[in-house]
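Structure first, commentary second.
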Amino acid sequence: MKIELKAIQYAAFSSEETSCYSANLYIDDRKIGTVDNDGRGGCDRFLGDQTAFAAADAWCKANLPRWQHDERSFATDLEMRCA
């Protein structure tokens, strides 16, 4: 699965706990919506085709390497991939 962010706007001055950004999200060369984060530590927001987002999220969890933090491992979801 090809996952791309295009038209990325990044605001370093607003990035506190997470990156403050917005971008168009493409899956297999098709725009499925937009993703953004306000930079204050919260989760990314997604607006667009929820079915396509859920399918890409499931694919990420099943196929991308897990990541570790403090001896625990976590699935790499679509939000982690975008961030």
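Residue check: ALA75 meets all listed conditions (1) in contact with a Phe, Trp or Tyr (Cβ under 9 Å, 6 or more places away or on another chain); (2) of a type in the set (A, V, I, L, M); (3) within 15 Å of GLU4 (Cβ to Cβ) but one, namely (3).
Restricted to region 18-75, and to residues there that are among the small types (Gly, Ala, Ser) and assigned to a helix (DSSP H, G or I), the residue that is nearest to the chain's Cα centre (by Cα) is ALA56. Selection over region 39-74 of residues that are under 24 Å from SER15 (Cβ atoms) and touching a strand residue (DSSP E or B) at 6+ places or on another chain (Cβ under 6 Å) gives a count of 9.
No lab work stands behind these numbers, since they all come straight from the coordinates. Remember, predicted model here, so these are calculated numbers, not experimental data. Every residue, glycine among them, receives a Cβ derived from its backbone with ideal geometry; neighbour counts consider all protein chains shown.
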